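Visitor: First, the structure itself, so that you have it in front of you.
Quick note: the coordinates plus some simple rules give every number you see, no bench work behind them. Because the structure is predicted, anything quoted here is derived from the model rather than measured. We place every Cβ from the backbone using ideal geometry, glycine too, and count neighbours over all the protein chains shown.
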Protein chains: 2
Amino acid sequence: MRWTVHGERTLYDSEWLGLALVDVELPSGERFEHHVVRFPEPAAATVVRDPERGILLLRRHRFTVDSEAWEVPAGRTEPGESPEHAAIRETAEETGWRPGPLRSLGSFHPMPGAVDQTFHIFVADGAARVGEPDEDEAERVEWLPVDEVRTLLRDGSITDGLSLVALYRALDE
Amino acid sequence: MRWTVHGERTLYDSEWLGLALVDVELPSGERFEHHVVRFPEPAAATVVRDPERGILLLRRHRFTVDSEAWEVPAGRTEPGESPEHAAIRETAEETGWRPGPLRSLGSFHPMPGAVDQTFHIFVADGAARVGEPDEDEAERVEWLPVDEVRTLLRDGSITDGLSLVALYRALDE
């Protein structure tokens, strides 16, 4: 049975994220306020693969969790921008490679227990070099062979949920 | 190159989550305040599989994203509790099945761009019936055949990041 939402109050708001306390009632009758983090814009990731080069990945340190790992290019959409356009733009900005035609691999919710964010996943077969990687975004940018990416998925070297789901889904096609 | 963290200020705090503005400086010299959502406790999920029954899943509606989907049993750890103990406790509470010996399938960060949360994944081969499912947690609880779970992963019927990563990893062993 579903939880009933009676209302909510905003604790914080900004263009990046908001925080609310939502007044919910459970099927058992228990009623309480539940924290929800709201992201006004979704994010989008691209698995760029090329029969010769492999898969395009970034090596990136995340200060929030003090962890460095391989990731797929990704970022949030701008207001009014489509997820597909954001996926192309972020890939080009972060890696210097503009991905070829994109195909959707669906979307998912990274933390639906407490966060309303949606992540969109795209795949592109190939990319064209259009510039240099953004030094603010990545330690380095590399094409890695598909077999090596499968190993990275198994041995725990890829540690963010968006890259994990995007790569598993792309390799599961 | 890494971002430099100069300090932070707390915007909100609670036993469930906190919100901070972190003063960061990029390699290019750009400096700004970045929102970070802090979760004081990690969460843990269990992929429970049985050669006869299949994989144990819950059908659950998430009001945060107004979406109903299949999920693996999961929940946050209590203060001082190990992720493994939380995985066993949450599975028993949510499904009425107590999982057999657990094995770690690693951990990951669901949203390291803005959230410091860690999700731990375990797998158990088998479970013992110990009670009834919690009516507040799930519409229904079912064992689904592994082939059907593979189909659910492909067709977009599993929509939360923790279930996706846990199931892909368990089926990729």
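Visitor: Using 7 Å Cα-to-Cβ label points, what is the B:Asp155/A:His61 separation (nm, one decimal)?
Guide: With each label point 7 Å from Cα toward Cβ, the separation is 4.6 nm.
Visitor: Would you tell me the mean number of C-beta atoms belonging to other protein chains that fall within 10 Å of each C-beta in A:104-110, as a whole number?
Guide: On the way: counts 0, 2, 4, 2, 12, 12, 12.
Per residue, the number of nearby Cβ atoms from other chains is 6 on average.
Visitor: Another question, if that's okay. How would you order B:22-28, A:125-131, A:20-26 from highest to lowest mean count of nearby Cβ atoms within 10 Å? Walk me through the intermediate numbers first.
Guide: Working: B:22-28: 15.3, A:125-131: 13.7, A:20-26: 16.9.
Result, highest mean first: A:20-26, B:22-28, A:125-131.
Visitor: Set the Förster distance to 41 Å, then compute FRET efficiency between A:Phe32 and A:His85 from the Cβ-Cβ distance, nearest 0.05. If you can, show how the numbers build up before the last one.
Guide: Values: r = 40 Å, r/R0 = 0.97.
Plugging the Cβ-Cβ distance into 1/(1 + (r/R0)^6) gives 0.55.
Visitor: Right, here's the next one. Give, as ranges by residue number, the residues of region A:30-56 whose backbone N falls under 12 Å from the point 7 Å along Cα→Cβ of A:Arg103.
Guide: Inside the label zone: A:49.
Visitor: Could you work out, residue by residue across A:161-170, how many beta carbons of other chains sit within 10 Å of that residue's beta carbon, and then give the average as an integer? Spell out each step's value before the answer.
Guide: Details: counts 13, 7, 2, 8, 9, 0, 1, 8, 5, 0.
Other-chain Cβ atoms within 10 Å of each residue's Cβ, averaged: 5.
Visitor: How large is the convex hull of the Cα atoms of the protein assembly as shown per residue, expressed in Å³ as a whole number? Walk me through the intermediate numbers first.
Guide: Numbers: hull volume 45.0 nm³, N = 346.
Spread over its residues, the Cα hull of the protein assembly as shown gives 130 Å³ apiece.
Visitor: Counting Lys and Arg as +1 and Asp and Glu as -1, each charge on the Cβ, what is the dipole of region B:41-163 about the Cα centre in debye, to the nearest 20?
Guide: Numbers: 13 positive and 25 negative charges, 87 e Å.
Charge dipole, region B:41-163, about its Cα centre: 420 debye, nearest 20.
Visitor: Would you give the gap between the C-alpha center of region B:37-115 and the C-alpha center of region A:17-64, rounded to a whole Å?
Guide: 16 Å
Visitor: What nm distances, shortest first, do you get from the label point of B:Pro101 to those in the other copies when the point sits 7 angstrom along Cα to Cβ?
Guide: Label-point distances to the other copies, shortest first: 5.2 nm.
Visitor: I've got another one for you. For a quick protection proxy, order the peptides A:140-149, B:69-78 by their average other-Cβ count within 10 Å, most packed first. Working shown, then result.
Guide: Details: A:140-149: 14.8, B:69-78: 22.6.
Final packing ranking: B:69-78, A:140-149.
Visitor: Hey, another quick one. If the label point is 7 Å along Cα→Cβ of B:Glu15, which residues in region B:73-90 have backbone nitrogen under 13 Å from it?
Guide: B:78-80
Visitor: Once whole DSSP H runs in chain A are found, which of them have Cα atoms spread over 20 Å or more along the helix axis and a mean Kyte-Doolittle score of at least 0.5? Write down the numbers at each step before the final one.
Guide: Working: long enough: none.
Taking the DSSP H segments of chain A (at least 20 Å long, mean hydropathy at least 0.5), we get none.
Visitor: What are the label-to-label distances in nm, one decimal and shortest first, from A:Trp143 to the same spot in the other copies, with labels 7 Å along Cα to Cβ?
Guide: 4.7
Visitor: How well do other chains shield peptide B:150-160, expressed as the mean number of their Cβ atoms within 10 Å of each residue Cβ?
Guide: Working: counts 1, 0, 0, 4, 5, 1, 5, 0, 2, 6, 8.
Rounded to a whole number, the mean comes out at 3.
Visitor: Output the Cα-based Rg and Dmax of region A:28-73 in Å, rounding Rg to one decimal and Dmax to a whole number.
Guide: For region A:28-73, the Cα-based Rg and Dmax read 18.5, 59 Å.
Visitor: While we're looking at this one, here's another question. List, in order, the whole-Hz ³J(HN,Hα) value for each residue of region B:56-63 obtained from phi through the Karplus relation with A = 6.51, B = -1.76, C = 1.60 and θ = phi - 60°; use x for Gly and Pro.
Guide: 8, 10, 10, 9, 9, 9, 10, 5
Visitor: Once the label point is set 7 Å along the Cα-to-beta-carbon vector, what list of distances in nm do you get between B:Glu78 and its counterparts in the other copies?
Guide: For B:Glu78, the other copies' label points sit at 5.0 nm, shortest first.
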